[in-house]
Amino acid sequence: MALLSFFRDFCRAMEENSLKERTAKGILWGGMSNGLMQLMGAVFGLVLLRYLTPADQGKVAMLNIFAALASALQESGFIAALCNRKEPTHEEYNSVFWFNILVSLTLYAVLWFCAPLIADFYGDSDLTPLARVLFLGFLLSGLGTVQRAYLFGHLMVRQTSICSLSAMFVSGIVGVTMAVQGFAHWAIVAQAVCFVLVTQLAAWHFSPWRPTAPRTLAPAWKMFGFSSKLMLTNIVNICNLHAFSVLLGKFFGDHTAGVYSTARKWSDMASGTINSMVTGVAQPTLAQVADETGRYRQVFRKMLRFVSFVSFPAMLGLGLVAQEFILLAGGEKWRESGMLLSLLCIHGAFVPITTLYSNLTISRGRSGINMGCTIAQCLAVWAGLLLLYPYGLLPMVIYFVTLNIAWLLIWQWWARRLTGLTFAEALKDTMPFLGFTLLVLGATWWLTRGIGSLWLLLLSRILIASVLYAGIMWVSGAKIMRETIHYIFNRHR
């Protein structure tokens, strides 16, 4: 609590309103918030691992794609569209609000009646009632889309962080309580719906904007040309993200789907901490300097260095201890998830970089490029997985990881077209951190290879890798590390 109080006072003490200060505060609050969220999520997740089986996780994982697609259709890209407008009017906010309400009700009615068809697709009748309750999440989400857009567009990262933390805490308590009481997969569904509900209530509390009686949807339709591309991009991203759950649930059953989804969950939980730091400030910040090419490129490169500085050691370090972590957390029933987690952490290390490039295209007003790249990537993922599924899960995961990393070359090509950022500059900003990370992890593995105790091995690897990486960064004179330390401890300057 003392640490949280310090950071709260620290953020409030900064009174400068420059773009640099607001961006730094956004990253700081985003990092704190998501760090705490992932910590809470990890604690609740550890309990759930003990009380749930891979089949329980798999049932919900097979449904997540439908809930996520409905949520993307409901939101329709309007959060980013409203953010990209310099000063959205009340009429624009109001039009988007009622548009989302209408779409949410329509989609929920459709999916209510489609739930038995989804259950038939997977051959599991338990999924019908499960789906109808889980889909309440996107229905509730529609009530707070504009409020969240207001907080996002005004860089109110602290308030957004409180919304997320409150939702994580309350929903985690609900999920764990139900799991302990033996509700199995229903515990996961209740946790998901509760998280959405609390998030929307908190967003309404912090956002000063309130809807009025609907008069016209015309402003929403005017923005739809831009937002629809983001919506389609989001839909494709969801298909990419949940491809495994659908294919594994269909061809291998809920156990295998649960094994993979658990590994993916922990990988996403870790990379999400870094990724959300980026998404919370990248687009609003980059959009404000979009007219200054030189400054834009400078801001983007500094973000790229910071992301690489944090993401590579965090994610690849998790991959190093994945097997020990999974066995200690969930026991032998989750052993299969350990190796998958190690592979997925390689992918997770590059996810924040991909997100940063994606925000670059959006902030330049080129949502069509973002959409096209994402669609092509998704098609490549699905094609490869459909060809490889007869050979088992491992080749599918290796292909998925390799393709997503290689796709960064496509994003970089567009970054050069839009901003002049060269491939050499991108390598200069990222590769030193990747190289140092691999060196540190290699040394850590060699130093700890003889340790037999899982607990001692886990703790030793975390401690040694952390000390080595921090030491190498300091001795090598990494500018981003010194700037980060300077910002935290010399905030007034």
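Worth a mention:
- Asp268, Asp120, Asp56 arranged by Cβ crowding within 10 Å, fewest neighbours leading: Asp120, Asp268, Asp56
- Distance in nm between pseudo-label sites at Arg50 and Ala376 (7 Å out along the Cβ direction from Cα): 4.9 nm
- Under 5 Å, built H, 5+ apart or other chain: amide partners of Ser207: none
- Gain upon complete extension [Thr177, Leu102; 0.36 nm per residue less C-alpha separation]: 23.6 nm
- Each Lys or Arg adds one and each Asp or Glu subtracts one; over the other residues with Cβ under 13 Å from the Cβ of Ala415, this totals +4.
- Site pair Leu394 and Ala424 shows an inter-label distance of 4.2 nm when each label is modelled 7 Å from Cα along Cα→Cβ.
- Were the residues from Val475 through Thr128 laid out at 0.36 nm apart, the gain over their Cα-Cα distance would be 119.1 nm.
- Extension gain, Ala213-Ala42: 0.36 nm per intervening residue step, less the Cα-Cα distance, totals 57.3 nm.
- Part-to-part distance (alpha-carbon centres) for region 297-363 and region 450-484, which is given in Å: 16 Å
- Residues Phe436, Phe244, Phe195, ranked from the fewest to the most other C-beta atoms within 10 Å, line up as Phe436, Phe195, Phe244.
- Residues His205, His154, His242, sorted so that the one with the fewest Cβ neighbours within 10 Å comes first: His205, His154, His242
Read the figures in this text as sums done on the coordinates, not as results from a lab. In this text, all values refer to a predicted model and were calculated from it rather than measured experimentally. For neighbour counting, all protein chains shown are included, and Cβ atoms are generated from backbone atoms with ideal geometry for every residue, glycine included.
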